[in-house]
1. Kindly evaluate residue 415 against the criterion of being in contact (Cβ under 8 Å) with a residue 40 or more places away in the chain and over 21 Å from the mean Cα position of the chain (by Cα).
2. Looking at region 157-186 only, could you name the residues that are away from the ligand (no atom under 16 Å from the Cβ), farther than 19 Å from residue 370 by Cβ and in a loop (DSSP other than H, G, I, E, B)?
3. I need a count of the residues in region 187-237 that are farther than 27 Å from residue 274 by Cβ, over 23 Å from the mean Cα position of the chain (by Cα) and outside any loop (DSSP other than H, G, I, E, B).
4. Taking region 79-97 only, how many residues are within 27 Å of residue 394 (Cβ to Cβ), near the ligand (Cβ under 7 Å from one of its atoms) and either touching a strand residue (DSSP E or B) at 6+ places or on another chain (Cβ under 6 Å) or in contact (Cβ under 8 Å) with a residue 60 or more places away in the chain (or both)?
5. Would you call residue 41 surrounded by fewer than 24 Cβ atoms within 10 Å (Cβ to Cβ) and within 15 Å of the ligand (Cβ to nearest atom)?
6. Could you tell me whether region 460-472 includes any residue that is surrounded by fewer than 21 Cβ atoms within 10 Å (Cβ to Cβ), touching a residue at least 24 places away in the same chain (Cβ under 8 Å) and in contact with a strand residue (DSSP E or B) (Cβ under 8 Å, 6 or more places away or on another chain)?
7. Do we find a residue being outside any strand (DSSP E or B), within 12 Å of the ligand (Cβ to nearest atom) and at pLDDT 95 or above anywhere in region 297-315?
8. Of 251, 266, 281, 244, which residue is buried (at least 16 other Cβ atoms within 10 Å of the Cβ), on the phi > 0 side of the Ramachandran plot and free of Cβ contacts under 8 Å to residues at least 24 places away in the same chain?
Ligand SMILES: Cc1cc2nc3c(=O)[nH]c(=O)nc-3n(C[C@H](O)[C@H](O)[C@H](O)COP(=O)(O)OP(=O)(O)OC[C@H]3O[C@@H](n4cnc5c(N)ncnc54)[C@H](O)[C@@H]3O)c2cc1C
């Protein structure tokens, strides 16, 4: 291989943003080179072994970041072809229409987006088709307008979950089917496990590799280079145009030159690349690159009823949005509630090492496992910075009072529904699973690095299309919004004369 490669478009990262953009640009015939730091996730017995995944952490990266206090930690951020979507719960929600406008929360008002829901709606439909989303319209009172129905019917509730749905409806809530990107028959054929946080070795999850990338790579003009760790952008002498990137491959430094460079390395790593590429940081006239890091407030909630048995395998088919737009009493929004993937004894053991297996298995057998998710508000002091080779992630968690209120509402409804024991635990701060906001879009280059089409205000041939572009985290899972915006940006690039 030459030390230098040329392409029309270089995309850094093959996760949700990068793979989806590549799929939409591939039919243009442009020579597209995708540089991916990771390798393809291998199919081995560990992919369905909860002890390997959750107790031994065999898929976690070897890297170390530091937090705001300077304490080192091993982040739950995954580097494989397909990125973090290889592990995702495949919940493919649209942001609600209200999320695009300023929203008053208990701890502050969000800025809103530079465009409204209707602008993104057609791209949400395209994204749902590409990721073959299973869902149903009509049950969720917060569902925004859909110009097309879901392409497939919802993943069915297992009998124990159908009973849980009835119990939650019986206490006045509106449980709805989660929109999901999973072919449940294919997934279960490989092994009877949940899919949430399990790696997908191409056995039924609709993720960035199996959908976006597979579509892109069906075109001969698209090339994927794995094991290619991009280190920095190469800027033209005028500092305006990007000439390409340099990357490490097999211990050597290489260069890829392109007319257009697209960063899709994830919200932490795209910010890191921009910050490392010039003294002040590329695309950083606003000083906002790396700022406004958001990650959702997440808690697991385990509802135990000793009289009933939860014999479900995957569990993750229900969502409750009764407290999404307000707190149910006219107060500020609290967030989304959805089922977790089935939390079995070995998964509990990863967190509760001293509790005997027999006790954990008993709890799991009688419990239904929920996830409470509240919006994290944009704060310029919540940020990613670099210090030489070190990455510092100083996440300032916000809106915690709303999250506590959501937990309180959920626990109260669960008790009313007949679960006498309800336990909760906040997710580990070291898991930036819903990371976003660090290279945000905005209508003013003085306050945002990117324009509403994700182009750097000051670099006409530089785009960013991963979760870093989200100006708000909303209270729902981010991936479908990342995908919809990537499709919109790809269409814009295809139509533009740069
Ligand atoms: C356990 C778990 C469960 C989740 N569940 C859900 C869910 O149910 N629904 C949902 O919407 N979201 C979920 N998420 C979040 C979702 O995975 C992310 O929001 C999504 O993947 C973000 O897309 P992205 O393009 O920003 O980044 P990613 O998909 O992470 O892609 C970034 C890619 O860039 C590569 N890369 C990074 N740095 C470099 C570099 N320097 N050079 C070259 N390549 C690089 C990475 O290897 C990766 O492939 C979950 C995440 C986790 C970890």
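1. The answer is no for residue 415.
2. Those that are away from the ligand (no atom under 16 Å from the Cβ), farther than 19 Å from residue 370 by Cβ and in a loop (DSSP other than H, G, I, E, B): none in region 157-186.
3. 3
4. 7
5. yes
6. Within region 460-472, one or more residues are surrounded by fewer than 21 Cβ atoms within 10 Å (Cβ to Cβ), touching a residue at least 24 places away in the same chain (Cβ under 8 Å) and in contact with a strand residue (DSSP E or B) (Cβ under 8 Å, 6 or more places away or on another chain).
7. Looking through region 297-315, none of the residues is outside any strand (DSSP E or B), within 12 Å of the ligand (Cβ to nearest atom) and at pLDDT 95 or above.
8. 281
The values are calculated or read from the model by the stated rules, or taken from the named source; none is laboratory data. Since the model is a prediction, treat every value here as computed from it, not as a measurement. Cβ coordinates were reconstructed from backbone atoms using ideal geometry, including for glycine residues, and neighbour counts include every protein chain displayed.
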